[in-house]
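Working notes for the structure below.
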Amino acid sequence: MTNNVAAFHKRSIEDREGFWAEQASNIDWFAKPEKILDFSNPPFARWYVGGKTNLCHNAVDRHLASRGNQRALVYISTETGQEKIYSYKELHQEVQAMASILKSLGVKRGDRVLIYMPMIAEAIFAMLACARIGAIHSVVFGGFAAPSLAARIDDAQPVVMISADAGMRNGKEVPYKHLVDEACRLAEKPPAKVLLINRGLAPMTNVQGRDVDYAALRKEHLSESVPCEAMLATDPSYILYTSGTTGKPKGVQRDTAGYAVALATSMKAIFDCKPGEVFFCTSDIGWVVGHSYIVYGPLINGSTTIVYEGMPTLPDPGIWWSIVQRFGVSTMFSSPTAARVLKKQDPKFMTQHNTKSLRRLFLAGEPLDEPTAKWISEALGGARIIDNYWQTETGWPIMAAQHGIEDTPTKFGSPSFACYGYDLRLIHESTFEEVGANEKGMLCAVPPLPPGCLQTVWGDDERFVKTYFTSVPGKKYYSTFDYATRDEDGYYFILGRTDDVINVAGHRLGTREIEEAIQVHPNVAEVAVVGVADQLKGQMPLAFCVLKNQAPIQTADGRKAEEKAVMATVDKELGAIARPSRVHFVTLLPKTRSGKLLRRSMQALAEGRDAGDLTTLEDPTALEQIKAALKS
Ligand code: AMP
């Protein structure tokens, strides 16, 4: 590997095939690829064509000889007080048991398995077991409500769903099973079998013939050995749903070998984490960061991964740093929101633990504000803070400092440079020309996208092309849907989304998705949702509703009750993570003469800014109502 980030990047673009052929040696193959890249049908990129490998083999089996007794997975739940350490050998056994159970339930290569689970070790066994037998997993974040889960079931059509009785949050049980039952009832094509992990947290009523108990089956299957399927490099490994402009979430489809190579390379070049070292990613397996850097990345690298169920503040705000000290964590990955939560606490909680082992803290998922970056960097003493920018679609960082290659200085507010493999362009919104230094542009990438990025949208190639490759006329550029600038030194700064997607505590939500949920409320005629800047969570959804019948909101109490009812509808349809911070009632929404909602103006007013260009506004009184509502 060179020691020059710019040269590494240049080579990755100018000699794509040579570059990625070299990186291919970072993983084990059952059969070497015949061709590094097939880009004969753009924008579809097929990496490592003809090669055969398996994600689970790379994450588990290949380490058995040299690190069988090394810690592979450390499970810590500060919610239940449980802690369990699995060596690579033990992980191998658990994953084979789970794989054998799935096979006994009828799961075959290419079948989908939906994983709707809290942060427990079994969820990771389940993901790896799917990879092992060539089933395609689709992990759905445990915070999503039944209708969201049902929509994902119908899109992925899993043969088996894996779930648990409950998760735990902030010391309280969060029951899952009734949501599973309701989702199966709502879905047109529910799974034939539901495998349930009974944690003993919440009562469950089993559905005869459908529900099966994990503990009982585990006993039966614990000594089974299940070989890794030789998957084609281009076989899909998983589907992960994410929000976009339209209400219907998109199933991001990932391949097998490209993803494995991308993660293995990133562990060296970006994360600079060595085999045997300890990696602690505080995300959830329901998000892409969890897929890549709780499960596959650290394990493919032969590192130890820490799987944590709990809050950053319980039993006290020093909990993460005590984990760093106890397990000698070298590399941590978290979110700016989590850092902001910790910033509000007494600093003694950070300083009372020895965090010397920690070389770097990676933060991603939303903009990292300068005060937070400065604070945490000072509080941690020696550790470097690495802002990195990427998306569910890409599976690994688009931009980051790459200290495994070169120790470049970082700038506050910037995720540094493009990572190798990404040929980035900043395109002017109306002229579609490339912009100059420090000018705002739409952030695009010239395809082919590097290995590890989405292959397509599950079951919808047309949507993949239309959604991502049509923003720049005449060019089939991949659109990130983010605005950015680049300074004279090549450092990028991310300025926010170009579409109607908002980012709440690093969780990506479509405003249309929330609007559709609110519209389920029987008294809602029309609604607009905007993302408003929030000191802690980055952004919060805010709703403006037009009611069919105004009678319920004639009194202050009535208004409150109706606001609560709208919020409860969002909880029920989408999940509490999408709940608006406030619901304002108006009789008219600001629209253009052609009927388009003026979301940007509403957002600007809510953030105390000027409403912007209003030349196309149909009825000015609508905006007055928004202002009055915000004042209230
Ligand atoms: P997700 O697909 O949920 O990971 O969300 C991806 C979106 O989060 C990006 O398109 C950005 O809008 C935002 N994002 C991710 N990382 C960063 C970052 N480091 N700085 C600013 N925004 C980010």
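Here are the numbers for the structure shown:
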| item | result |
| --- | --- |
| Single residue of the stretch 233-250 satisfying the filter (open to solvent by 20 Å² or more (accessible area, probe 1.4 Å) and closer than 18 Å to VAL107 by Cα) that is farthest from the ligand (Cβ to nearest atom) | ASP235 |
| Qualifying positions in the stretch 387-402 - out of contact with any helix residue (DSSP H, G or I) (no Cβ under 9 Å at 6 or more places or on another chain) and near the ligand (Cβ under 8 Å from one of its atoms) | ASN388, TYR389, MET399 |
| Long-range neighbours under 6 Å by Cβ, at least six apart or interchain, first residue under 19 Å from PHE280 (Cβ atoms) and modelled with pLDDT of 95 or more within the stretch 357-372, second open to solvent by 40 Å² or more (accessible area, probe 1.4 Å) and more than 7 Å from the ligand (Cβ to nearest atom) | ARG360/ARG384 |
| Subset tally (residues that are farther than 15 Å from PRO190 by Cα, among the charged types (D, E, K, R) and part of a loop (DSSP other than H, G, I, E, B)) for the stretch 98-120 | 2 |
| Exclusive hit being within 16 Å of the ligand (Cβ to nearest atom) and either at pLDDT 95 or above or under 23 Å from LEU536 (Cβ atoms) (or both), set ARG254, ARG326 | ARG254 |
| GLU224 open to solvent by 50 Å² or more (accessible area, probe 1.4 Å) and in contact with a strand residue (DSSP E or B) (Cβ under 8 Å, 6 or more places away or on another chain) | no |
| Hits in the stretch 23-35 (condition: within 28 Å of the chain's Cα centre (by Cα) and either open to solvent by 30 Å² or more (accessible area, probe 1.4 Å) or not β-branched (Val, Ile, Thr) (or both)) | GLN23, ALA24, SER25, ASN26, ASP28, TRP29 |
| Within the stretch 300-323, considering residues that are among the β-branched types (Val, Ile, Thr) and at pLDDT 95 or above, the one nearest to the chain's Cα centre (by Cα) | VAL307 |
| Inter-residue pairs, beta-carbon under 9 Å, first within 17 Å of TRP390 (Cβ to Cβ) and in the stretch 433-458, second open to solvent by 30 Å² or more (accessible area, probe 1.4 Å) and of a type in the set (Gly, Ala, Ser), 6+ apart | MET442/SER471; CYS444/SER471 |
| Residue count for the stretch 221-257, restricted to those that are in contact with a helix residue (DSSP H, G or I) (Cβ under 9 Å, 6 or more places away or on another chain), part of a loop (DSSP other than H, G, I, E, B) and closer than 30 Å to GLU573 by Cβ | 8 |
| Leading residue by the ranking (nearest to ALA59 (Cα to Cα)) among those in the stretch 288-298 that are touching a helix residue (DSSP H, G or I) at 6+ places or on another chain (Cβ under 9 Å) and of a type in the set (A, V, I, L, M, F, W, C) | VAL295 |
| So LEU426, is it over 25 Å from ASN3 (Cα atoms) and touching an Asp or Glu at 6+ places or on another chain (Cβ under 6 Å) | no |
| Among residues of the stretch 39-60, those that are touching a Phe, Trp or Tyr at 6+ places or on another chain (Cβ under 9 Å) and farther than 18 Å from GLU22 by Cβ, counted | 10 |
| Positions within the stretch 417-432 being in contact with a Gly (Cβ under 9 Å, 6 or more places away or on another chain) and open to solvent by 20 Å² or more (accessible area, probe 1.4 Å), in sequence order | PHE417, ARG425, HIS428, GLU429, PHE432 |
| Residue match in the stretch 76-98 (condition: free of Cβ contacts under 8 Å to residues at least 60 places away in the same chain and small (Gly, Ala, Ser)) | yes |
| Any hit, the stretch 251-259, residues being out of contact with any Phe, Trp or Tyr (no Cβ under 8 Å at 6 or more places or on another chain) and buried (at least 22 other Cβ atoms within 10 Å of the Cβ) | yes |
| Every residue from the stretch 456-478 that is open to solvent by 10 Å² or more (accessible area, probe 1.4 Å), within 16 Å of the ligand (Cβ to nearest atom) and in a helix (DSSP H, G or I) | THR467 |
| Pick from the stretch 479-514, criterion among the basic types (Lys, Arg) and more than 10 Å from the ligand (Cβ to nearest atom), ranking: modelled with the highest pLDDT | ARG486 |
| Enumerated strands (runs of 3 or more DSSP E) restricted to the stretch 510-606, each holding at least 3 residues that are more than 18 Å from ASP619 (Cα to Cα) and either touching a residue at least 60 places away in the same chain (Cβ under 8 Å) or open to solvent by less than 30 Å² (accessible area, probe 1.4 Å) (or both) | 524-534, 538-547 |
| Any hit, the stretch 365-375, residues being open to solvent by less than 40 Å² (accessible area, probe 1.4 Å), within 16 Å of the ligand (Cβ to nearest atom) and out of contact with any helix residue (DSSP H, G or I) (no Cβ under 9 Å at 6 or more places or on another chain) | no |
| Criterion: under 25 Å from the mean Cα position of the chain (by Cα) and small (Gly, Ala, Ser) - qualifying residue of ALA525, ALA578 | ALA578 |
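Quick grid of which residues meet (1) in a strand (DSSP E or B); (2) open to solvent by 20 Å² or more (accessible area, probe 1.4 Å); (3) away from the ligand (no atom under 16 Å from the Cβ):
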position: GLU378; (1), (2), (3): no, yes, yes
position: GLY382; (1), (2), (3): no, yes, yes
position: GLY404; (1), (2), (3): no, yes, yes
position: PRO415; (1), (2), (3): no, no, no
position: PRO448; (1), (2), (3): no, no, yes
position: LEU454; (1), (2), (3): no, no, no
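To keep it simple, each residue is scored yes or no on (1) away from the ligand (no atom under 16 Å from the Cβ); (2) open to solvent by 10 Å² or more (accessible area, probe 1.4 Å); (3) under 19 Å from ARG71 (Cα atoms).
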{"position": "GLY276", "(1), (2), (3)": "yes, yes, yes"}
{"position": "THR282", "(1), (2), (3)": "no, yes, yes"}
{"position": "GLY290", "(1), (2), (3)": "no, no, yes"}
{"position": "ILE294", "(1), (2), (3)": "no, no, yes"}
{"position": "LEU299", "(1), (2), (3)": "yes, no, yes"}
{"position": "THR305", "(1), (2), (3)": "yes, no, yes"}
{"position": "PRO312", "(1), (2), (3)": "yes, yes, no"}
{"position": "PRO317", "(1), (2), (3)": "yes, yes, no"}
{"position": "TRP320", "(1), (2), (3)": "yes, yes, yes"}
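The values are calculated or read from the model by the stated rules, or taken from the named source; none is laboratory data. Here the structure is a predicted model, which means the values were calculated and not measured. Cβ: placed from backbone, ideal geometry, glycine included. Neighbour counts: every protein chain shown. Only protein heavy atoms, including side chains, enter the accessible area calculation; ligands, DNA and RNA are left aside. Shrake-Rupley method; radii C 1.70, N 1.55, O 1.52, S 1.80 Å.
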